[in-house]
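Here is the structure we will look at, set down as structure tokens.
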Amino acid sequence: MERQIEQRNREGKLPGEDVLILAIETSCDETAASVVRNGREVLSNVIYTQIALHTQYGGVVPEIASRKHIEKINQVIEEALAQAGVTLENITAVAVTYGPGLVGALLVGVAEAKAISFAAGLPLVGVHHISGHISANYLEYPELEPPFVCLVASGGHSHLVIVKDYGVYEVIGRTRDDAAGEAFDKVARAIGLGYPGGPMIDRVAREGNPEAILFPRAKVAENEYDFSFSGLKSAVLNYLNSCQMKGETFCQADVAASFQKAVVDVLVEHSLTAVREFGYDKFAIAGGVASNSSLRAAFEKECGKRGICFYHPSPALCTDNAAMIGAAGYYEYRKGVRHDYTLNAVPNLRL
Ligand code: KG4
Ligand code: ZN
């Protein structure tokens with residue numbers, strides 16, 4: 001067996017042979033591992049979510065996240081291998097998120113991936129978390145190929161990206177302050193909904209009137225594709241304050257629906273302007289906020305009107321998972337990207 005591993009290392013996989021990536025993701029509050037075949041097929045996708053642990057604090061507590069990752073990582077990887085029906089001997093390479101994210105959380109995955117890579121003699125491939133989110137689309141749509149425009153909206157990021165080729169990105173817009181998911185989480189907390197706020201607002205907003213309160217849609221003067229959500233968040237807080245001062249109660253569902261509409265309008269307008277201006281006919285969404293039902297419906301409608309093909313991973317592939325890291329890792333592996341054991345967590349890694 002040792003000889004086989006050595007051979008595989010030196011020569012890589014032979015043409016036509018399946019490439020199985022064992023992927024690990026621990027950048028925030030999900031401990032996740034997955035086995036992905038040829039960048040497109042999910043053989044297993046195991047996620048241990050820590051959400052319940054962090055809910056009582058109203059957000060992710062980095063220390064608790066790291067400790068829980070350490071506790072769960074081995075079990076999650078074993079489950080991912082077992083569910084895929086493989087052992088490390090069948091794996092071609094280990095891919096791991098090494099940034100951006102919480103440094104202590106990232107370190108657990110990176111250390112684990114390095115240990116497996118060393119022990120099993122497997123190539124190590126570091127993956128950018130956002131590249132992973134974007135690549136979730138390759139799992140959902142086996143026929144999708146670059147180039148296309150992608151909106152990445154998650155708890156930590158709001159990026160408008162041109163995907164020029166596999167793993168080749170041009171970021172044309174980013175947030176100047178809060179990420180879209182962060183705004184969802186903060187507003188949810190302010191109106192008395194728990195963490196994570198996105199799914200709660202999504203649910204409550206269905207009962208509310210999105211036109212009830214006119215919240216601002218911010219534009220950034222210097223770059224029409226950049227986002228800014230902190231003014232919107234402040235507008236919601238001001239509205240709640242003024243209700244309180246007047247001794248009036250506010251309608252939670254109306255605030256949720258009106259806030260959500262403001263976020264969706266901005267995301268849709270910026271994204272579809274970019275698709276038109278840059279001359280693409282394919283548009284994809286990614287990241288936790290991409291699982292928002294109102295956002296998906298709005299893009300469906302607007303892309304339909306404009307004849308743009310709209311790609312949207314199923315909600316379980318939008319929020320953090322390791323399968324998306326396996327998809328991105330596959331294309332990095334194919335390009336010849338190999339990391340050595342100096343690979344480190346980079347909390348503010350740029351795309
Ligand atoms: O991509 P993700 O799982 O983690 C990061 O990389 O940040 O995104 C998590 C974010 C949270 O802010 C959460 O509130 C938001 O995605 N989110 C949603 C929905 N589901 C998750 N936001 C709006 N609507 C949803 N249905
Ligand atoms: Zn994420």
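The values are calculated or read from the model by the stated rules, or taken from the named source; none is laboratory data. Not measured: the values here are computed from a predicted model. Neighbour counts run over all protein chains shown; Cβ positions are idealised from the backbone, glycine included. Just the protein is used for accessible areas: all its heavy atoms, side chains included, with ligands, DNA and RNA removed. Shrake-Rupley method; radii C 1.70, N 1.55, O 1.52, S 1.80 Å.
Some observations on this one:
- Accessible carbon and sulfur surface of the chain relative to its total accessible area, %, 1.4 Å: 51 percent
- Full-stretch length increase - Thr342, Lys164 - with 0.36 nm per residue and alpha-carbon distance subtracted: 61.2 nm
- Fraction of antiparallel bridges per DSSP, the chain only, in percent to nearest 5: 60 percent
- Distance violations [Cα-Cα > 24 Å] among Lys233/Lys261; Lys72/Lys233; Lys164/Lys233: Lys72/Lys233; Lys164/Lys233
- Distance between the modelled labels on Arg189 and Ser230, one decimal in nanometres: 1.5 nm (7 Å Cα→Cβ projection).
- Of Pro142, Ile64, Val96, farthest towards positive along the dipole that unit charges on Lys, Arg, Asp, Glu beta carbons give the stretch 59-167: Ile64
- Cα-based shape type of the stretch 8-133, given that a ≥ b ≥ c are square roots of the gyration tensor eigenvalues and the cut on a/c is 1.5: prolate
- Taking a quarter of the surface of the Cα convex hull of the stretch 71-171 gives a mean projected area of 7.5 nm².
- Each principal axis of the Cα atoms in the stretch 177-259 has its own extent, and those three values, largest first, are 40, 27, 20 angstrom.
- Among Arg276, Arg174, Arg37: highest mean-square fluctuation, GNM of the chain, C-alpha pairs under 10 Å: Arg276
- Dividing the convex hull volume of the alpha-carbon atoms in the stretch 196-310 by its residue count gives 109 Å³ per residue.
- Remark: the stretch 98-110, residue by residue, has Karplus-estimated 3J(HN,Hα) of 10, x, x, x, 7, 4, x, 6, 4, 4, 5, x, 5 Hz, where x stands for each Gly or Pro and the curve is 6.51 cos²θ - 1.76 cosθ + 1.60 at θ = phi - 60°.
- Remark: the chain carries a charge dipole of roughly 300 debye about the Cα centre, counting +1 on each Lys and Arg Cβ and -1 on each Asp and Glu Cβ.
- Given charges at beta-carbon only (K, R positive; D, E negative), |dipole| of the stretch 79-218 in Debye: 400 debye
- Its Cα centre serving as origin, the stretch 271-351 has a Cβ charge dipole (Lys and Arg +1, Asp and Glu -1) of approximately 200 debye.
- Most fluctuating residue given options Asp226, Asp340, Asp29, as computed from a GNM of the chain linking Cα atoms under 10 Å: Asp340
- The slack in the chain from Glu300 to Ala115, taken as 0.36 nm per residue of separation less the alpha-carbon distance, amounts to 62.2 nm.
- Sequentially through the stretch 159-170, phi angles give Karplus couplings (6.51, -1.76, 1.60; θ = phi - 60°) of 10, 10, 10, 9, 8, 7, 7, 4, x, 10, 10, 10 Hz, Gly and Pro residues having no value and appearing as x.
- For the chain, adding -39500 (n - 2.57) for each run of n ≥ 4 DSSP H residues and dividing by the number of residues yields -15000 deg cm²/dmol at 222 nm.
- Extreme residue, positive dipole direction of the chain, given options Ser234, Gly208, Ile24 (C-beta unit charges): Ser234
- GNM result for the chain, Cα springs below 10 Å: residue of Tyr280, Tyr138, Tyr225 fluctuating most strongly: Tyr280
- Surface exposure of the chain, expressed per residue as accessible area with a 1.4 Å probe, stands at 43 Å².
- Extent of the chain along its three principal axes (Cα atoms, max minus min coordinate, largest first): 76, 46, 33 Å.
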